[in-house]
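Colleague: Dropping a structure here in structure tokens format, bear with me for questions.
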Amino acid sequence: MTAKLIDGKVLAQSIRDKLRQEIASLPAVPQLDIVLVGNDDASEIYVRNKIKAADNIGLKTNLHRLPEEVEQRDLLSLIDNLNADPQVNGIIVQLPLPEHLDMHQIINRINPIKDVDGFHPVNTGMLQNDEKPYFIAATPLGVMRLIQTVCPDLSGKNVVIIGASLIVGRPLATLLLNKECTVTITHIHTKNIKELTQKADIVVAACGVANLVQEQWIKDGAILIDVGINRCEGKICGDIDFDSVKEKAAAITPVPGGVGPMTIAMLLHNTLEAYLLQHK
């Protein structure tokens, strides 16, 4: 068996093409405002990629750069202003933030109908209750789209998620539960992770440990989704050892070119949805 490649670039491009057509038909241009605090190199790259992708489909973006030492009240004041501005449809505060800032207080300050990252407790709470939130976090939403290209019916599937983050692991687990999967979330204190993944129909690796998942970790015919982005001897690699598992898995996402493009595509999708929601 040679695993089917789940190409995130191709799927993301088709989504962006559709979004571009929808945006061109609108009476006004949706606007995404991004708040970037400090000079974190990775955050700079992520924000640059988001702005480039937004520009490519006709979305307007505004970048608000704040110094590393910005005070909590000043950041909250900026968010209040963006919430009140009817021209602003989506708001993102790029994470991570400097340690002196209270991330939860800042995220909670964003109006839930402008929270295109899907991190506000109103959105996460609605998702947990199996209701339709205003927005679902972009990476879990993208992962679901990728999985369903090779497995449309998820009912009864046994899924193991490696990584329990608030950004990926936990919301993804809820999405999968809502599709009637049996879900196990593992984390740094989980014992015998390999024994769990060996029984899984689907493994999602989102822990940030390069090449953690090896061929002996998975069963024949498993679907593998790699959320990890790591530097390995000068190149980018994931949390799954692609070369080790590619002859045993049924399908796998590459790194790069898998989850990353879908995350940005889903963010753009959320921004358009925010515009439509606010202009009903």
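The values are calculated or read from the model by the stated rules, or taken from the named source; none is laboratory data. A quick note: this is a predicted structure, and the numbers were derived from the prediction, not measured. All Cβ positions, glycine included, derive from the backbone under ideal geometry; neighbour counts span all protein chains shown.
Colleague: In this structure, does Ile15 turn out to be in contact with a helix residue (DSSP H, G or I) (Cβ under 6 Å, 6 or more places away or on another chain) and closer than 24 Å to Arg145 by Cα?
Modeller: When the stated conditions are applied, Ile15 passes them.
Colleague: So, of the residues in region 45-61 that are over 11 Å from Pro30 (Cα atoms) and in contact (Cβ under 8 Å) with a residue 24 or more places away in the chain, which turns out to be surrounded by the most Cβ atoms within 10 Å (Cβ to Cβ)?
Modeller: Across region 45-61, the extreme among qualifying residues is Lys50.
Colleague: Taking interchain pairs and intrachain pairs at least six residues apart, which have beta carbon atoms under 7 angstrom, with the first residue in region 106-125 and surrounded by fewer than 23 Cβ atoms within 10 Å (Cβ to Cβ) and assigned to a helix (DSSP H, G or I) and the second at pLDDT 95 or above and polar (S, T, N, Q)?
Modeller: Within 7 Å, the pairs are Pro112/Asn123; Ile113/Gln278; Pro121/Asn108.
Colleague: Taking the condition in contact with a Gly (Cβ under 8 Å, 6 or more places away or on another chain) and on the phi < 0 side of the Ramachandran plot, does Pro67 pass?
Modeller: On the way: in contact with a Gly (Cβ under 8 Å, 6 or more places away or on another chain): yes; on the phi < 0 side of the Ramachandran plot: yes.
Criteria met by Pro67.
Colleague: Please work out if Asp7 is surrounded by 13 or more Cβ atoms within 10 Å (Cβ to Cβ), at pLDDT 95 or above and over 20 Å from Lys114 (Cα atoms).
Modeller: Values: surrounded by 13 or more Cβ atoms within 10 Å (Cβ to Cβ): yes; at pLDDT 95 or above: yes; over 20 Å from Lys114 (Cα atoms): yes.
Spelling it out, Asp7 is indeed surrounded by 13 or more Cβ atoms within 10 Å (Cβ to Cβ), at pLDDT 95 or above and over 20 Å from Lys114 (Cα atoms).
Colleague: Further question on the same structure: If you check Asp41 against the conditions, is it over 23 Å from Leu268 (Cβ atoms) and at pLDDT below 95? First the steps, then the outcome.
Modeller: On the way: over 23 Å from Leu268 (Cβ atoms): yes; at pLDDT below 95: yes.
In short, yes.
Colleague: While we're here: Name the residues in region 189-208 that are charged (D, E, K, R) and either buried (at least 24 other Cβ atoms within 10 Å of the Cβ) or out of contact with any Phe, Trp or Tyr (no Cβ under 8 Å at 6 or more places or on another chain) (or both), would you?
Modeller: Here is the first cut: in region 189-208, the ones charged (D, E, K, R) are 191, 194-195, 199, 201.
Lys191, Glu195, Lys199, Asp201 - these are the residues of region 189-208 that are charged (D, E, K, R) and either buried (at least 24 other Cβ atoms within 10 Å of the Cβ) or out of contact with any Phe, Trp or Tyr (no Cβ under 8 Å at 6 or more places or on another chain) (or both).
Colleague: Going through region 136-163 one residue at a time, which ones are small (Gly, Ala, Ser) and buried (at least 18 other Cβ atoms within 10 Å of the Cβ)? Walk me through how you get there before you give the answer.
Modeller: Of all residues in region 136-163, those small (Gly, Ala, Ser) come to 137-138, 142, 155-156, 163.
Once the filter is applied, which keeps residues that are small (Gly, Ala, Ser) and buried (at least 18 other Cβ atoms within 10 Å of the Cβ), region 136-163 yields Ala137, Ala138, Gly142, Gly163.
Colleague: Of all residues in region 240-257, how many are without any contact (Cβ under 8 Å) to a residue 40 or more places away in the chain and either aromatic (Phe, Trp, Tyr) or in contact with a Gly (Cβ under 8 Å, 6 or more places away or on another chain) (or both)?
Modeller: To start, the set of residues in region 240-257 that are without any contact (Cβ under 8 Å) to a residue 40 or more places away in the chain comprises 240-244, 255-256.
With the extra rule that they be either aromatic (Phe, Trp, Tyr) or in contact with a Gly (Cβ under 8 Å, 6 or more places away or on another chain) (or both), the set shrinks to 240, 242, 255.
Qualifying residue count for the region: 3.
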